[in-house]
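A.B. asks: Below you will find the structure I want to go over with you.
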Amino acid sequence: MHLLRFDSLPAWVSGVCALWRDRLRMNPALNICLPTGLTPAAVYAELARNVDRGDVSFTRASVFALDEFGGLPADDPGLTRNTLRRQLVSLVDLPSERFHCFDPNGADIEEQCRRYDTAIGRFDLVLLGIGLNGHLGMNEPGSDAGSPTRRVDLHETTIQSSARYFEHGNLPRWGITVGLGPILAAREVWLLATGTAKASVARETVKGEVGLHLPASLLRNHPNCSFFLDSEAGALL
Ligand code: GLP
C-alpha cells in the first residue's frame with residue numbers, strides 16, 4: 001500500500017484529481033468504481049470542472065456506483081446513485097448507458113448483483129472511502145475477502161453515521177454493495193480519507209493486523225493500492 005500524504009485538503013483534492021486525469025488520459029475507456037459520502041465530493045467537483053474546461057473526458061469511460069442504500073424511495077437525494085449523478089455524472093460527458101447503479105427497489109436483487117459483476121468484468125480503478133469501522137462500500141467487518149456483489153445488512157454504527165446523508169430520520173438498515181472480491185481484483189485501488197475522525201481507522205488500516213475484522217486492512221495485500229491522506233487523517237501515522 002503506497003501512502004500519499006498531503007499537507008492540506010486543497011492539496012489532497014488536487015493530488016487525487018491530477019492522478020485521476022492521468023489515468024483517464026492513459027486509458028480513456030477507464031472502467032471505474034466510485035463511492036459517495038462526504039470524502040470524495042470535492043474531488044468530483046474539481047474533476048467536473050476539469051471536464052468542463054476540456055482537460056479530460058469520460059466519453060469512453062464506464063462508471064459503476066460502489067453501493068446503494070435499500071428501503072428508500074428512488075428519488076431520495078441521499079441515495080448513492082442520486083448523489084453520484086448530482087456531484088459528477090450529470091456534470092461530465094459520460095454517456096448515460098455507461099453509468100451503472102443499483103435499484104434496491106427492483107424485483108430480483110440477487111440477479112441484479114450477478115449482472116452487475118458480469119458487467120464490471122475487471123475494474124481498472126476503484127475509489128473508496130473508509131468507514132469508521134474500516135468498512136469499504138458496505139462491506140462491513142467480517143465480510144469475506146472474496147465476497148461478490150450482494151445485499152448486506154448495515155452495522156448499527158454505519159446506520160447511525162449515514163444520518164448525515166439524509167434529510168429525514170428514516171435511516172436505511174440494508175444496502176447493496178460491490179463485494180470485496182471485485183474490489184480486490186481491480187487493477188488499481190485508491191483509498192481516500194480526510195479529517196481527524198478518520199485518523200484512528202487510518203492508523204489501524206496501515207499499522208494494525210491485516211484481517212476480516214477491518215476490511216480496509218485487506219488492501220495492504222493488494223499489489224497496486226494507494227492510500228490518499230490529508231494531514232488530519234494521517235495525523236497518527
Ligand atoms: C459510507 C459509504 C461508503 C463511504 C464511507 C465513508 O457508509 N457506504 O461508501 O465511503 O461510508 O463515508 P464518508 O466519506 O462520508 O466519511
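A.B. asks: Only helical DSSP H runs with n ≥ 4 go in: add -39500 (n - 2.57) per run for the chain, normalise by residue count and round the 222 nm mean residue ellipticity to 500 deg cm²/dmol.
C.D. replies: Computed ellipticity for the chain at 222 nm equals -8500 deg cm²/dmol.
A.B. asks: Taking the Cβ of Arg187 as the centre, find all other residues whose Cβ is under 12 Å away and add up their charges (Lys, Arg: +1; Asp, Glu: -1).
C.D. replies: 0
A.B. asks: Taking θ = phi - 60°, what integer Hz values does the Karplus form 6.51 cos²θ - 1.76 cosθ + 1.60 yield along segment 149-160, in sequence order, with x for Gly and Pro?
C.D. replies: Karplus values, whole Hz, x for Gly and Pro: 5, 6, 7, 9, 8, 8, 6, 4, 5, 5, 4, 5.
A.B. asks: Could you pull out every residue, at least 5 positions away or on a different chain, whose amide H is within less than 5 Å of the one on Ser62? Hs are placed 1.01 Å off N in the peptide plane, and Pro or chain starts have none.
C.D. replies: Correct list: Leu30, Asn31, Ile32.
A.B. asks: Using the Cα centre of segment 57-134 as the reference point, and only Cβ charges (+1 on K/R, -1 on D/E), how large is the resulting charge dipole? Debye, rounded to the nearest 20.
C.D. replies: Taking the Cα centre of segment 57-134 as origin, the dipole is about 320 debye.
A.B. asks: Could you go through segment 205-210 in sequence order and give the Karplus-derived ³J(HN,Hα) for each residue, using 6.51 cos²θ - 1.76 cosθ + 1.60 with θ = phi - 60°, rounded to whole Hz, and x for Gly and Pro?
C.D. replies: 4, 8, 10, x, 6, 7
A.B. asks: Another question about this same structure. What are the equivalent ellipsoid semi-axes of segment 171-218, built from the alpha-carbon gyration tensor (square roots of five times its eigenvalues), in whole angstrom, biggest first?
C.D. replies: 19, 17, 12
A.B. asks: I've got another one for you. In units of 2.2 N^0.38 Å, what is the alpha-carbon radius of gyration of the chain?
C.D. replies: Working it through for the chain, the quotient is 0.94.
Values in this text are rule-based calculations from the coordinates and carry no lab data. Since we're looking at a predicted model, the values are computed, not measured. Neighbour counts are summed over all protein chains in view; Cβ atoms, including those assigned to glycine, are modelled from backbone coordinates with ideal geometry.
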